[in-house]
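Structure first, then comments.
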Amino acid sequence: MTSVELDFDTVGHAVQTPDEEQPYAELGLQQDEYQRIRQILGRRPTQSELAMYSIMWSEHCSYKSSKIHLKQFVEKKPASDRMLAGIGENAGVIAITDKLAVTFKVESHNHPSYVEPYQGAATGVGGIVRDILAMGARPLAVMDPLRFGAADHPDTARVLPGVVAGVGGYGNCLGLPNIGGEVVFDPSYQGNPLVNALCVGVLPADRLQRKEADGPGNIVVLMGAKTGRDGIGGVSVLASATFDEGSEQRRPSVQVGDPFTEKLLIESCLELYNSDLIVGVQDLGGAGLTCALTETSASAGTGMDIQLETVPLREPSMTPHEILASESQERMLLVVEPAKLNAVLGIAQLWGVLATPIGVVTAPEPGEAAGRLRITWRGETVVDVPPGSLVDDGPVYARPLKEPNDLPLLQADRAETLPKPATGDDLRATVLRMVGSPNLCDKSWVTEQYDRYVLGNTVLAQPEDAGLIRLDESTGLGVAISLDGNSRYARLDPYAGAQLALAEAYRNVAVTGADPVAVTNCLNFGSPEDPAVMWQFAEAVRGLADGCLELGIPVTGGNVSFYNQTGAAAIHPTPIVGVLGVHQDVTQRVPMGFSNAGDVLFVLGE
Amino acid sequence: MARVVVDVMLKPEILDPQGQAVANALPRLGVSDVASVRIGRRVEIDFSGEADLDRAKEIADKLLANPVIEDYTVRVEQ
Amino acid sequence: MARVVVDVMLKPEILDPQGQAVANALPRLGVSDVASVRIGRRVEIDFSGEADLDRAKEIADKLLANPVIEDYTVRVEQ
Amino acid sequence: MKIGVVTFPGSLDDGDAARAARFGGAEAVRLWHADPDLHGVDAVVLPGGFSYGDYLRCGAIARFAPVMEAITKAAGDGLPVLGICNGFQILCEAHLLPGALTRNQHLHFRNRDQRLKIENTQTAWTRDFAESQEIVIPVKNGEGCYVGSPELLDSLEANGQIVARYVGENPNGSMRDIAAVRNEAGNVVGIMPHPEHAIDLLTGPSTDGLGFFTSVLKAYAAATVPAAYAPAAVPGVGHAPETDEEVEA
Ligand SMILES: Nc1ncnc2c1ncn2[C@@H]1O[C@H](COP(=O)(O)OP(=O)(O)O)[C@@H](O)[C@H]1O
């Protein structure tokens, strides 16, 4: 092979040049991680392979610091016969009736939203909606728990309006009602606001989609937007590193969302599901094509042959590793039987969505347990890897844990020692100050920018404690969802703080008249390399897992966001907990306002 | 009165959904010889006195363009 | 490849809230010599062959500008 | 009576409009943007949403859809047409209604329950209301600010073409508080707020929106509109989406 003439790195070239220096450290890989890659491949990785490993083994994709803690959600999972898909899937799926299922999940898009508030928040919504879509569900509604720095800080004036407009711009244009969320101000988020987004969707239980790329000979189809240079390195760089002065150069990692294309993608996918035309489906989010190709093949134990030059590009000059790393939005990967390919392409065309066959599923070599992912570029092999090594064999760390030094002090500063309002006037002044405070004041400036009516099934939305969506007009069946988190409690006691968030969301759902059945969560923390942060994380996970066991509802999925800090200062630990409940008849919902004069008031509990 | 024009366009590598939507609609108007359409903002700043390019640049930097995703040019209108 | 630029601006008598918002923000940047700001669209049409001004005009007429509220100018980019 | 509801790529409230038509007592027929056949409907609703992403100007691209050609022709023959929100924008872009809709003056998308006053009941879509009746229906838009030249606005006032006005706070800066207008004949109406989201108390702030749909039924029953508008059959029938999704418990 005369790869010297090529302007890209190939497997052949890698074999011939074992000692070539590679920029693994700049890509966020440790020396020992790089050595493991060489070991797995039996040679140095190509440039494309190195990019793929660096993304897939990043904190964001591999959960290398959180994995050993998150497994408690499985180990302590209460018995539930409702769970059709759980942790490990794009989103958890819960059976609501014999025939109907619901899926929901919350994810973070914190760092991109600080860099470019509108697009960061917009693409956060777009990403979580594709997760829900990938399970086979029609997305029904979104929610957005948000955290900002001090309300009167000038940078909050830059970030907040952009984030709110972005959440609204994308969700409104997709036609998904926004049924709740949070807006909380605290100085700990000054340089690192939190933008979490939840989506809930509904599906007939027998329409549940799988991501497995089963069936050698099946065609791999990329559907949706063209691939561009946007977001390259977004996952590994923006989400898996501390956010500091260096972030200036990271700016190009930000992506622009196109909700119109996503809307068409939703409609075409649903039509494909309904017509039973596909074998597998996976959304492209963080880590783009790399993640979708490796996860779908690894989970099936198959391999793939991909011709990368068939990927439709926005910029023809893109290189193989850029195409593999691109985080261009609004794309889905499909696995299709050859006989059904034309029907699939026809449906895409009907909706005006691009769909392109880019390769085939392959069987493992004789004697091998799993297949290989081979990617060619203009006839040369640029990637030849066992896909499982990227997905499952990433590093796992048991990071050191240490209770924060200041915790005893903080805990000693009891609320009981604070002066209490003594007179009626004091009390009045205190109440006025509280209702006028940014965290308690009316949030309609935000919520009025969101469409809550679209789809015609919103029974409860802002400012109710929980959102309530009707699923069935004839029976009144519906689901209620609430998201909660209180980082000041979690800072004082992460174990109890996570449980308090869970309990609050649980109560919020219950008071609508719904029966709580499932939990999702987004764990927003500082750097996992800081033992104090890691301790907070471990405690929060333990608290949440114990709380869910106690309440008898399983965690069905979620997301971890680390490195939320400015310099050495981490945000308050912010576990956001979402609870979903089933409402048998939404016409009997209980809104939070007083309904009738003369009704009797009770206080339940202590 | 003097006018400075600031043209703000998305950086070439950034997706432009607006331009794309227009480009996709052209065939329905019977137009087939257009390779691409990009849409940005044209901002006309009228100074009460003389045109102040530096001022306009500063305004563009701070207010009109987001350097993360957009480029801009500033010029005095003839 | 040849580029035609279409500038679309709101007619002078139509209120431009975006431009006004920028104008209102200027004093906070210490800018006091700006009389007015107007914001419109700049559309870059790249023709695969030669620049076709008439074509561009037709596209502007039918699609890019709404004559009820907007004026436009068309020019080949040098 | 059959009410057609058009789905453009990016239409969002099409399912809700069809539901409202049914609540009002009509049969809802889904029409597809690429299909110029109106399938014998007796009235058409252009629903809310973001057709083609609303990326250039709201409604600017949708008006070139094949179905719009048929609707324009039928509207000229008296077919009742209601454009809601994005549908209103499309009707203005298609010159079936006067004026234009521009960015909300406060520059934000705004969703709230809005009080309106019905100013004209001489339309196919408002005859079931009382003159000056006040109603509450949701408004939700980013570009709902109605504008027109002073002469145009004066002539609209003089001809009774202003169908509804905002009462209380004007949610988007519309000139003369205009929320809805009609064409001269009164068969084509555009309204910015959403009657289809106010058809029952479970999901809406009121049931006031139903009046638009019962009005057109009455107009139909009174035979003030031509019976089933049937254009010549067009080859290459398109495809209407199944948006009333069949997820049964
Ligand atoms: N905090 C958490 N609690 C429970 N499950 C989690 C949590 N964080 C991540 N997971 C699960 O780990 C899997 C991988 O997560 P993620 O990478 O966010 O999914 P995706 O591949 O859709 O981006 C998912 O199934 C997710 O539900």
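The values are calculated or read from the model by the stated rules, or taken from the named source; none is laboratory data. Note that the coordinates shown come from a computational prediction; the quantities given were computed from them, not determined experimentally. Here Cβ is always computed from backbone atoms with ideal geometry, including for glycine, and neighbour counts include all displayed protein chains. Protein only, heavy atoms only, side chains kept; ligands, DNA and RNA dropped before computing areas. Shrake-Rupley method; radii C 1.70, N 1.55, O 1.52, S 1.80 Å.
For segment B:45-53, 3J(HN,Hα) computed residue by residue from phi via the Karplus equation (6.51, -1.76, 1.60; θ = phi - 60°) reads 10, 9, 7, 6, x, 7, 5, 10, 4 Hz, glycine and proline entered as x. Per residue of peptide B:61-67, the mean number of Cβ atoms on other chains within 10 Å of the residue Cβ is 4.
Divided by 2.2 N^0.38 Å, where N counts the residues, the Cα radius of gyration of the protein assembly as shown comes to 0.94. When each of the peptides D:156-164, A:514-522 is scored by how many other beta carbons lie within 10 Å of its residues on average, the order from highest to lowest is A:514-522, D:156-164.
Would you give the gap between the C-alpha center of segment D:1-56 and the C-alpha center of segment A:103-138, rounded to a whole Å? Using only Cα atoms to place each centre, the spacing works out to 29 Å. Computed 3J(HN,Hα) for segment C:23-34, one whole-Hz value per residue from the Karplus formula 6.51 cos²θ - 1.76 cosθ + 1.60 where θ = phi - 60°, is 4, 5, 7, 4, x, 5, 8, x, 9, 10, 9, 9, glycine and proline marked x. The overall shape of segment A:421-545 is oblate: from the C-alpha gyration tensor, with semi-axes ordered a ≥ b ≥ c, the ratio a/c is 1.5 or greater and a/b is no larger than b/c.
Scan chain A and report its longest stretch carrying no trypsin sites (Lys or Arg not before Pro) that are both in a DSSP loop and have at most 14 other Cβ atoms within 10 Å.
After excluding every exposed loop site, the longest remaining stretch is A:100-377.
Charges at C-beta only: +1 for Lys and Arg, -1 for Asp and Glu. How large is the resulting dipole of segment C:2-77 about its Cα centre, in Debye rounded to 20? Intermediate values should be presented prior to the final figure.
Details: 10 positive and 14 negative charges, 59 e Å.
Rounded to the nearest 20 debye, it is 280 debye.
A protection proxy built from the mean count of other Cβ atoms within 10 Å ranks the segments A:173-183, A:566-576, most packed first, as A:173-183, A:566-576. The Rg/Rh ratio for chain A, using Cα coordinates for both the radius of gyration and the Kirkwood hydrodynamic radius, is 0.98. For A:HIS583, the residues 5 or more places off, or on other chains, whose built amide H falls under 5 Å of its own are A:GLY478, A:VAL479, A:ALA480, A:ASP515. With a 10 Å cut-off around each Cβ of D:140-150, the average count of Cβ atoms from other chains is 3.
For the pair A:VAL590 and A:GLU20, the difference between a 0.36 nm per residue extended length and the Cα-Cα distance amounts to 198.5 nm.
Sorting A:ASP283, D:ASP208 by accessible area puts them as D:ASP208, A:ASP283; the probe is 1.4 Å, largest comes first, and only protein heavy atoms count.
Rounded, prolate or oblate: pick one for segment A:365-454, where a ≥ b ≥ c are the square roots of the eigenvalues of its C-alpha gyration tensor, a/c under 1.5 means rounded, and failing that, prolate if a/b is larger than b/c, else oblate.
In terms of gyration-tensor shape, oblate.
Here segment A:1-74 and segment A:532-592 have alpha carbon centers that stand 33 Å from each other.
Here each label is just a point 7 Å from Cα along the line to Cβ, and for A:THR417 and D:GLU134 those points are 5.6 nm apart.
Annotation: D:TYR166 carries an accessible surface of approximately 10 Å², with a 1.4 Å probe and no ligand, DNA or RNA atoms counted. Centre-to-centre, using Cα atoms only, segment D:123-190 and segment C:1-43 are separated by 29 Å. I need the shape label for segment D:139-218. Rule: rounded when a/c is under 1.5, else prolate if a/b > b/c, else oblate, with a, b, c from the alpha carbon gyration tensor. Because a/c hits 1.5 or more and a/b fails to exceed b/c, segment D:139-218 counts as oblate. Taking B:LEU26, B:LEU64, B:LEU53 in turn, the Gaussian network model of chain B (Cα-Cα springs below 10 Å) assigns the largest fluctuation to B:LEU26.
Taking amide H as placed 1.01 Å from N in the peptide plane, the amide H of A:ASP472 sits under 5 Å from that of A:LEU477, each at least 5 places away or on another chain.
Positive-end ranking of A:LEU70, A:VAL586, A:LEU440 along the dipole of chain A, with charges on Cβ about the Cα centre, is headed by A:VAL586. For chain A, the longest principal axis of the alpha carbon atoms and the long axis of helix A:494-510 meet at an angle near 80°. Between the beta carbons of A:ASP32 and A:ALA339, assuming R0 = 56 Å, the FRET efficiency works out to 0.75 to the nearest 0.05.
Along segment A:419-430 the Karplus relation, 6.51 cos²θ - 1.76 cosθ + 1.60 evaluated at θ = phi - 60°, assigns HN-Hα couplings of x, 9, x, 9, 10, x, 5, 4, 4, 4, 5, 5 Hz to successive residues, with x for each Gly and Pro. Accessible surface comparison of A:TRP445, A:TRP535, probe 1.4 Å, protein chains only, largest first: the order is A:TRP445, A:TRP535. Each Lys and Arg Cβ is given +1 and each Asp and Glu Cβ -1; about its Cα centre, the protein assembly as shown then shows a dipole of about 800 debye. Amide H contacts of A:SER65 (H built 1.01 Å from N, in plane; Pro and chain starts excluded): A:TYR397 sit under 5 Å, all sequence-distant by 5 or more or on other chains.
Got a sec? Which residues in segment A:459-493 would a label at D:ARG22 touch, if it sits 7 Å along Cα→Cβ and we count backbone N under 14 Å? Residues A:471-476 qualify, since their backbone N sits under 14 Å from the label point. Measure nothing but the geometry: give the 0 to 90° angle between the long axis through the Cα atoms of D:66-76 and the longest principal axis through the Cα atoms of chain D, rounded to 10°. Helix D:66-76 sits roughly 70 degrees off the main axis of chain D. Averaging the sequence gap over all C-alpha pairs within less than 8 Å and six or more residues apart, then dividing by the number of residues, gives chain A a relative contact order of 19 percent. With the charge dipole of segment C:2-77 set up from +1 on Lys and Arg Cβ and -1 on Asp and Glu Cβ about the Cα centre, the Cα lying farthest toward the positive end among the listed residues C:GLN20, C:GLY40, C:LEU10 is that of C:GLN20. Geometric descriptor of segment B:2-77, per residue, is 103 Å³ (volume of the convex hull of the Cα atoms).
For the segment D:106-116, counting C-beta atoms of other chains within 10 Å of every residue's C-beta and taking the mean gives 5. Between A:ASN439 and A:GLU309, the distance separating the two model label sites (each 7 Å from Cα on the Cα→Cβ line) works out to 5.9 nm. Using the alpha-carbon positions of segment A:278-356, Rg (one decimal) and Dmax (whole number) come out as 12.9, 34 Å.
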